[in-house]
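The structure under discussion appears below in the form of structure tokens.
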Amino acid sequence: MSAAVIISLTRALAELSTLDPFGECQFSPPRDNQFLCPSLPWIRGRFHRRLRADLDPWNLTTNDCDTGALETVVVGERCLKATRSVAFTNQTTIALWYVHVDLTACKNGINGVRDGQHATNIVRSRAGELHFYEWQNGQTEPAQAAINRGARLRFVLV
């Protein structure tokens, strides 16, 4: 098993801020002081299967994008708490954040979603990369590539 990668709140905020070149994004007060960074294969595979088992499919009236993206953070937290091989404290959470993104000017959208305003997630991988993660289909995409195509972060729940 690979060694755990844990980053500080300061580092997480600095890395997330690189995705906001125009200073338009609001960041919530932090939930914790450290973040455990998962591998992308785990996010796309085991975590996504667990998430799909816990969540109902997308539905405009009962389980839309913001509900699903927020539930994704909650399920991520549950998975972290269930991991007995990782030493963590009450100040550690998973490096998986709820984000609100404006896709109005984003060519091709992100992870198969093309609507104007969208709630999704960003994960900071063990390898140090920030990726958008779409709970509806399990796809990930480098966040900086989407920002370069015109996506704009509006809010991050740290």
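What ranking, highest mean first, results for peptides 43-54, 115-126 when packing means the other Cβ atoms within 10 Å averaged over each residue?
Numbers: 43-54: 15.8, 115-126: 19.7.
In descending order of packing, they fall as 115-126, 43-54.
Helix-only arithmetic for the chain: the sum of -39500 (n - 2.57) across DSSP H runs with n ≥ 4, divided by the residue total, places the mean residue ellipticity at 222 nm at -7500 deg cm²/dmol. Straightening the chain between Thr61 and Ala3 buys 16.7 nm, computed as 0.36 nm per residue apart minus the Cα-Cα spacing.
Based on Cα contacts under 8 Å between residues 6+ apart, the chain shows a relative contact order of 30 percent. Remark: spin-label model distance Arg50-Arg154 equals 3.1 nm, labels positioned 7 Å along the Cα→Cβ axis.
Where a number appears in this text, it was derived from the coordinates with a stated rule and is not lab data. Keep in mind that what you see is a predicted model, and the values were worked out from it rather than measured. Glycine also receives a Cβ, built like all others from the backbone with ideal geometry; neighbour counts cover every protein chain displayed.
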